[in-house]
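**Q** Structure provided below as structure tokens; questions to follow.
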Amino acid sequence: MAVDAVRTADGNYGDVDVAKVAALFADPARARILEALGDGRSLAATVLASEAGVSPPTTSAHLNKLREAGLVEVERSGRHRFYRLAGPEVSTVLEALATIGEPTPVRSLRESTRAKALRSARSCYDHLAGRLGVSVTEALLEHGALARTDGGRGTRRRPEDKLSRRMSDHPYRLGPRVHDVFETLDVDVDALLSRPARSRPLLRFCVDWSEQRHHLAGALGAALLTAMVENRWLVRARGHRAVRLTDDGRDALHTRLGLEAR
């Protein structure tokens, strides 16, 4: 929420109850549920129970609390229910907390592998983040698909940019080669530009928590991640937000963006 006060029933303004919503993030099981949903997908309660390491009834109780607070939404498909984050703002909070929280002790090779995977490439709600997300954004700048308007270099964050947060304003615009470059990435920029003005902004940027640089978000960033997953250039990990770059994806990024991704 962008303001620090809300309108009450009588038309007056009162303070936002930060402590109440913060308490929902403070429970370890609920935090794991929210993290599992952090890539924008809808997941069944049974999957979330496995990820959170608690029983299905306990997971249902946590999901009810998260729904009541407006942090998650439910989608019905037949007899089944699938849960997803209520919006990118929730994922933004998770990313921000990651910058100030103490790292979880790594007690196994599996945990170490997972931590490295998240730093390497992950979804930030519905767009690409991590080292790969920043590198792709940098390559888009170098190839003229994006342009920086403040004289800054590459994706380097400005002094006023808060870590791990979607930026309310950003120093970028579409570059002169935006259509040519994104066409090679199977993203139809004209279709995105034709959407109603009130729809999601085409360009948004976040400050990546692990790289501390900018990565592309907004409708354009979401379309790019969708195309990369559909082309099998990226494969989503099970149970968390990491994505893996495939051999085809490595070749595609090298051919189209000159990116030497590892």
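Coordinate-derived values only; no laboratory data. The shown structure was predicted, so the numbers you read here are calculated from the model rather than taken from an experiment. Cβ sites come from the backbone with ideal geometry, for glycine too, and all protein chains shown count toward neighbours.
**Q** Once you order the gyration tensor axes a ≥ b ≥ c over the Cα atoms, which shape class does region 117-257 get: rounded for a/c under 1.5, otherwise prolate or oblate by comparing a/b with b/c? Don't skip to the end; give the middle numbers.
**A** Values: a/c = 1.39, a/b = 1.11, b/c = 1.26.
Cα axes put region 117-257 in the rounded bin.
**Q** Tell me, what is the FRET efficiency for E75 and T246 to the nearest 0.05, using R0 = 25 angstrom and their Cβ-Cβ distance as r? Don't skip to the end; give the middle numbers.
**A** Details: r = 29 Å, r/R0 = 1.14.
Calculated value: 0.30.
**Q** Going by how many other Cβ atoms sit within 10 Å of their own, how do Y83, Y125 line up, fewest first?
**A** Working: Y83 23, Y125 26.
Taking fewest neighbouring Cβ atoms as first place, the list is Y83, Y125.
**Q** Nothing charged except the Cβ atoms of Lys and Arg (+1) and of Asp and Glu (-1): what's the magnitude of the dipole of region 117-238 about its Cα centre? Round to the nearest 20 debye. Working shown, then result.
**A** Details: 21 positive and 15 negative charges, 116 e Å.
Here region 117-238 has a charge dipole of around 560 debye.
**Q** Still on this structure, please answer the following. Between beta-carbons, use under 14 Å as the cut-off and find the net charge around V187, counting Lys and Arg +1, Asp and Glu -1.
**A** Details: positive: R177, R195, R256; negative: D126, D180, E183, D186, D188, D190, E230.
Summing Lys/Arg as +1 and Asp/Glu as -1 gives -4.
**Q** Positive end of the dipole of the chain, charges at C-beta (+1 Lys, Arg; -1 Asp, Glu), about the Cα centre: which of N231, P28, L94 has its Cα farthest in that direction?
**A** Among N231, P28, L94, the one farthest towards the positive end of the dipole of the chain is P28.
**Q** Please work out the FRET efficiency for the pair V235 and E68, using the Cβ-Cβ distance as r and a Förster radius of 45 Å; give the result to the nearest 0.05. Mind dumping the intermediate values first?
**A** Working: r = 34 Å, r/R0 = 0.77.
E between V235 and E68, to the nearest 0.05, is 0.85.
**Q** Suppose R0 equals 51 Å. What FRET efficiency, 1/(1 + (r/R0)^6) with r the Cβ-Cβ distance, do T149 and A61 give to the nearest 0.05? Intermediate results must be reported in sequence, preceding the final value.
**A** Values: r = 48 Å, r/R0 = 0.95.
It comes to 0.60.
**Q** Towards the positive end of the charge dipole of region 117-257, with charges on Cβ (+1 Lys, Arg; -1 Asp, Glu), say which of V187, L257, H214 has the farthest Cα.
**A** H214
**Q** Less than 23 Å apart at the alpha-carbon level, and either on another chain or at least 8 residues along: which lysines does that give for K20?
**A** K65
**Q** Where does the chain land on Rg/Rh, using Cα atoms and the Kirkwood Rh? Don't skip to the end; give the middle numbers.
**A** Numbers: Rg = 19.1 Å, Rh = 19.6 Å.
Dividing the radius of gyration by the Kirkwood radius yields 0.98.
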